[in-house]
Structure formats: C-alpha cells, structure tokens
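*Asks:* The structure under discussion is supplied below as structure tokens; questions concerning it will follow.
The values are calculated or read from the model by the stated rules, or taken from the named source; none is laboratory data. Since this is a predicted model, take the numbers as computed values, not measurements. Cβ coordinates were reconstructed from backbone atoms using ideal geometry, including for glycine residues, and neighbour counts include every protein chain displayed. What goes into the accessible areas is simple: the full protein's heavy atoms, side chains included, and nothing from ligands, DNA or RNA. Shrake-Rupley method; radii C 1.70, N 1.55, O 1.52, S 1.80 Å.
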Amino acid sequence: MVDNQCGRAVDGVSRRTFIAATGSLGAVALAGCAESETSEGVSGTLRISGSSTVYPVSEAAGKEFARQNEEFDYELSNDGSTNGFENSFLPGDSDINGSSRPILEGELESAEDTGFQPVEFQCAGDALTAVVNTENDWLDCAELDQLGEIWHPDSAPETWADIDSTWPDEEIELFGPATTSGTFDYWTEEVIGDFRTIREDFTGTEEDDEIAQGVQGNEFAHGYLPYAYYDNNPDEVKALSIDAGDGCTEPSLEAASEGSYPLARPIYWYVNQEKLQDDEALQGFMEYAIEMSGDQSIVSDDIGYVAMNDQEVEDNLDRLQAAIDGELGDGEAIPSMN
C-alpha cells in the first residue's frame, strides 16, 4: 500500500470556488496527489454508480486517478443509492456503488444471488442538513420531532401555523431527495421514524442543487440535503440547527466529526469483491481513492465532508488488501453490520 497522502486542488481553484461559479457539483480539477508505484500505468475502464451524496468524492478520485493514468477511464452516474444498487451494482453492471446509507440485508442477499460479496468502505462523513428559505425569520432551530411531523403522512401539516400557531399561516412547500436515494432512506428512518414512509406531496429529485434552488425560490419552503451542497452555497438557503433533546446544534463538519450533530452519518463505497480480485484497475483505483478519502484539503475543505482519519484509512486499506487476497473473514466485508 502506498504511504503518501493526496494533495490539494490546484490551478488556484478550490471546489468551493468552482461550485459557486457553476452552481452545481460539476467537474473540478484536482491535482497534487502523489503518484504511487502501484497506481502508475493502470489501464481499463470502471463504472461507478449510485449516490449523489457520494458523487463528488468519487468524481474527485476518478478525475485525478485518470490524470495520472492515461489509459484509465471511468464512467460515473448520479442515480441514487437505491437505484444504483438495484439497477447497476447488484446485477453486476457497475464495479463500485456509492451509497449514503448502509447496504440493506435484502441487497446483500441479491448480491449473493448474483454470485458476489460486496465489500464496504466508508469514504467520508456527512452532516445531513435541513434547510429553509433565507427569508424565514420564524425558525432557526428545529426539534427533530417537528421535522418528523412535517414529513410524516399521518400528520402532513399544510401550513407552518399547523405546527406552531405563532408561525405564518402559509403553505409549506417541500423539497427533498427522490425515493431512489439513500438520503431519502436515512431521513425517513432517523427523522420520520418510519423507514421509507413519507408524505407524497413533496418535490423529489436526485439533483441536490435542485433541492436548494426549490427552497431558495419560495419563502415558505423547506427541504434537506447533504452538508456539502449547503456548505458550498451558504447564501442560497438557511441551514437549521437541530434539537434532538440535548439542545440546538448547528450542522458543521466539526459537530459531525465529534458526534454532537444529530444527523451526522457515514457515506460509503461498495465494491464487487469478485471483480476486485480480478481487475488490477479496480485494485489500483480503490487504493488511491481510499488514500484520498483521508485528505482533509480535498474531502473537507474542497468538497465539504468529514475526511477519514488515519486509523480509518488504514483499516480500509487493510480490508481492501484482505479482499484482494481472498482473506476477508466472516463479518469483515461489511463493518456497518457489526
């Protein structure tokens, strides 16, 4: 395994600056990652499916690895964690699936039916962020129960006044991830308290910048999105502090890292182990991507997620090598299930 850590974005353009200029999490030039002997001269094409939350981390790794290896290429899609699992990764059509929630038991069973073992690598941490319009002057800190009430189909308040009589008697317009998203799964379980149960009258999309734009366009709107999308566009929407019973906590990388933010969550890459054992391009790319996941200048400063610490990077590299060697023990492939 390589010993070096990756470097910063170059050309004087950070990811934050780039997103502000383009209005989306599009391409960004990343360089400075020291080239390892094991990743030089890698050739082949990989397909990466899945989560829009994980997308910018995968994109950063893919672009720089392709820059270092002229005969390497990758195909990256933004189809949601669930959609990526069901339609690409589990059938064996993609090599890697990004996911903003842990793989489900049923998905593991589907992988076994296809004939392979998924291997899990946490690639970053997120502070999932509830947002409202910047003109909203009646709500700065939301109780977790209040958010659950807003989104639950049994309560489904029509106006803000239905939640609190001192709030405006104006219709709530809701924006959030599509039902194919792992962020949708996480929100329904952690906030609504009922997995994949939600009111139907919201605008759902796999494009997180469209959630921000929807909330930005209506004074009485509300939505939720990954912290990176808020952090890179902080003037477009207002982030809510969250009170889960211990007082209000603002979303931040620091609060997510230390565990004080109630909606802190890990995000993942899942890799097809059988392909990993046979494909040197997949081996080299995953080694590189895991190393990059520990680079704060890229993952935290440029993208807006919590970077992996040294021990987490080392654990992932050890799991990668064990998977390549066929030496993963029972329960070691999916640490989130332990």
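*Asks:* Among the residues of the stretch 161-202, what is the count of those that are open to solvent by less than 70 Å² (accessible area, probe 1.4 Å), more than 16 Å from N78 (Cα to Cα) and under 20 Å from the mean Cα position of the chain (by Cα)?
*Replies:* 7
*Asks:* The conditions are (1) farther than 18 Å from E120 by Cα; (2) out of contact with any helix residue (DSSP H, G or I) (no Cβ under 9 Å at 6 or more places or on another chain), and S252 fails exactly one of them. Which is it?
*Replies:* Against the list (1) farther than 18 Å from E120 by Cα; (2) out of contact with any helix residue (DSSP H, G or I) (no Cβ under 9 Å at 6 or more places or on another chain), S252 comes up short only on (2).
*Asks:* Test of understanding: among F175, F116, which residue is under 22 Å from G204 (Cα atoms) and either at pLDDT 95 or above or not in a strand (DSSP E or B) (or both)?
*Replies:* F175
*Asks:* Among the residues of the stretch 286-304, is there at least one that is in a loop (DSSP other than H, G, I, E, B) and within 22 Å of L147 (Cβ to Cβ)?
*Replies:* Yes, that holds for at least one residue.
*Asks:* On to the next question. Please go through the stretch 173-201 and give me each residue that is aromatic (F, W, Y) and either in contact with a Pro (Cβ under 9 Å, 6 or more places away or on another chain) or touching a residue at least 12 places away in the same chain (Cβ under 8 Å) (or both), ordered by number.
*Replies:* Selection gives F175, F184, Y186, W187.
*Asks:* What is the residue count in the stretch 313-338 for residues that are part of a helix (DSSP H, G or I) and either within 17 Å of the chain's Cα centre (by Cα) or polar (S, T, N, Q) (or both)?
*Replies:* Counting residues in the stretch 313-338 that are part of a helix (DSSP H, G or I) and either within 17 Å of the chain's Cα centre (by Cα) or polar (S, T, N, Q) (or both) gives 3.
*Asks:* Follow-up question, since we're still on this one. Out of the residues in the stretch 82-100 meeting the condition of being within 24 Å of D302 (Cβ to Cβ) and not in a helix (DSSP H, G or I), tell me which one is nearest to the chain's Cα centre (by Cα).
*Replies:* S100
*Asks:* Could I ask something else about it? Among the residues of the stretch 301-310, is there at least one that is open to solvent by less than 30 Å² (accessible area, probe 1.4 Å) and polar (S, T, N, Q)?
*Replies:* Taking every residue of the stretch 301-310 in turn, none turns out to be open to solvent by less than 30 Å² (accessible area, probe 1.4 Å) and polar (S, T, N, Q).
*Asks:* Could you tell me which of the residues D154, D246, D201 is among the charged types (D, E, K, R), under 16 Å from E143 (Cα atoms) and not in a helix (DSSP H, G or I)?
*Replies:* D246
*Asks:* Then there is this: Could you figure out which of (1) modelled with pLDDT under 95; (2) aliphatic (A, V, I, L, M); (3) farther than 19 Å from G284 by Cα isn't true of A31?
*Replies:* If we test A31 against (1) modelled with pLDDT under 95; (2) aliphatic (A, V, I, L, M); (3) farther than 19 Å from G284 by Cα, just (3) comes out false.
*Asks:* Please determine whether any residue of the stretch 235-253 is open to solvent by 60 Å² or more (accessible area, probe 1.4 Å) and on the phi > 0 side of the Ramachandran plot.
*Replies:* yes
*Asks:* Further, regarding this structure: What single numbered condition from (1) at pLDDT 95 or above; (2) out of contact with any Pro (no Cβ under 9 Å at 6 or more places or on another chain); (3) farther than 18 Å from A127 by Cβ; (4) surrounded by fewer than 17 Cβ atoms within 10 Å (Cβ to Cβ) fails to hold for E207?
*Replies:* It fails just one condition, (1).
*Asks:* Counting just the residues of the stretch 66-81 that are under 20 Å from the mean Cα position of the chain (by Cα) and open to solvent by less than 10 Å² (accessible area, probe 1.4 Å), which one comes out farthest from Y270 (Cα to Cα)?
*Replies:* Ranking the qualifying residues of the stretch 66-81, first place goes to G80.
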